[in-house]
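Asker: I'd like to ask you about the structure that follows.
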Amino acid sequence: MNKPVLRCALSTTAAAGATAALMMAGLAGASAHVGADPNKTAANSYALVTFGIPHGCDTSPTTKVTITLPEELTDAQPTVNPNWTVEKVTETLDAPKKLDDGTSITKRTGQIVYTAKTPLDPHLRDALVLSVKLPDAAGKTIYFPTLQTCEQGQVDWSEVPKDGQKEDDLKSPAPSVTITPADSSGDHHGASTETTEQAASVTSDNSTALGWAGLIAGLAGLVLGGAAFLRSRTAKTGTTTK
């Protein structure tokens, strides 16, 4: 077989394999913990916060995700996910809380609990979306401690950085959202707009995952193609020498 051709084929195959490995490593790093991804962060705005559910507890499938709302929030509207059942857990406040509209409440939604209809495979991920009204607290970071329960074991994503610490310094950081200054144009979207944004948020998350899967599949095809090319060249060389 022609040596330059062989070197070219081997180099292409090796490069494809290395790229696939790096991409897989990137995916693993990106989904290392439960994170909160808001579509808006402006104070007093209505935001859709997507919680990415990563690998299970080591190799055990995820069965339940309990999201605790920060004390700054009084309620959250969970988005329906066909893979999970969902319920709100109400708690009684120690003292009545006055709202911006002048009314007072004695109870609030303390937790949102998603229970998997079928345990989530530890090699897969899912996205859970909550609609919340962010508080009027520009510059403040609010935390959503999240308990991930698996068939065997659990992971409590509830660590909050202390002064001088960064999220990367923590083993099990709580998902968080940092509030930014209010949008001068206001946030007056209606229910139909919010529903559209929720669908777009979930679709975008799934499309990203599918895009990675497509790229990896393409690279795998390139590797197989390189192997087939080598076999073809070897067969032709054998025939010629005979």
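Asker: Looking only at residues in segment 56-82 that are open to solvent by 80 Å² or more (accessible area, probe 1.4 Å) and either touching a Cys at 6+ places or on another chain (Cβ under 7 Å) or part of a loop (DSSP other than H, G, I, E, B) (or both), which one is farthest from V177 (Cα to Cα)?
Answerer: Residue satisfying both the conditions and the ranking: T59.
Asker: Then there is this: I need every pair where a residue in segment 154-172 that is open to solvent by less than 80 Å² (accessible area, probe 1.4 Å) has its Cβ under 8 Å from the Cβ of a residue that is part of a helix (DSSP H, G or I), sequence separation at least 6 or different chains.
Answerer: Sorted first by the residue in segment 154-172, then by its partner, the pairs are P161/E167; P161/D169.
Asker: For segment 62-106, what are the residues that are β-branched (V, I, T) and without any contact (Cβ under 8 Å) to a residue 12 or more places away in the chain? Talk me through it step by step, then tell me what you get.
Answerer: Of segment 62-106, the ones β-branched (V, I, T) are 62-63, 65-68, 74, 79-80, 85-86, 89-90, 92, 103, 105-106.
Matches in segment 62-106: V80, T103.
Asker: Which of (1) modelled with pLDDT of 95 or more; (2) closer than 20 Å to I142 by Cα does H33 not meet, given it meets every other one?
Answerer: Unmet for H33, out of (1) modelled with pLDDT of 95 or more; (2) closer than 20 Å to I142 by Cα: (1).
A quick yes/no check of all residues on (1) within 16 Å of the chain's Cα centre (by Cα); (2) open to solvent by 20 Å² or more (accessible area, probe 1.4 Å); (3) at pLDDT 95 or above:
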| residue | (1), (2), (3) |
| --- | --- |
| L124 | yes, yes, no |
| L128 | yes, no, yes |
| K133 | no, yes, yes |
| F144 | yes, no, yes |
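Asker: May I ask you to say which residue of L128, L93 is part of a strand (DSSP E or B), within 23 Å of T59 (Cα to Cα) and touching a strand residue (DSSP E or B) at 6+ places or on another chain (Cβ under 6 Å)? Reasoning before the result, please.
Answerer: Working: L93 fails: within 23 Å of T59 (Cα to Cα).
The match here is L128.
Asker: Taking segment 31-55 only, how many residues are open to solvent by 10 Å² or more (accessible area, probe 1.4 Å) and part of a loop (DSSP other than H, G, I, E, B)?
Answerer: Total satisfying the criteria: 8.
Asker: Could you count how many residues in segment 131-164 are in a strand (DSSP E or B) and of a type in the set (D, E, K, R)?
Answerer: Going through segment 131-164 one residue at a time, the tally reaches 3.
Asker: Regarding T109, is this residue open to solvent by less than 20 Å² (accessible area, probe 1.4 Å), within 16 Å of V34 (Cβ to Cβ), of a type outside the set (D, E, K, R) and at pLDDT 95 or above? Reasoning before the result, please.
Answerer: On the way: open to solvent by less than 20 Å² (accessible area, probe 1.4 Å): yes; within 16 Å of V34 (Cβ to Cβ): no; of a type outside the set (D, E, K, R): yes; at pLDDT 95 or above: yes.
When the stated conditions are applied, T109 does not pass them.
The values are calculated or read from the model by the stated rules, or taken from the named source; none is laboratory data. Just so we're clear, the structure is a prediction, and the values are computed from it rather than from any experiment. So basically every Cβ, Gly included, is an ideal-geometry build from the backbone, and we count neighbours across all protein chains shown. Quick note on the areas: whole protein, heavy atoms, side chains included, nothing else; ligands and nucleic acids left out. Shrake-Rupley method; radii C 1.70, N 1.55, O 1.52, S 1.80 Å.
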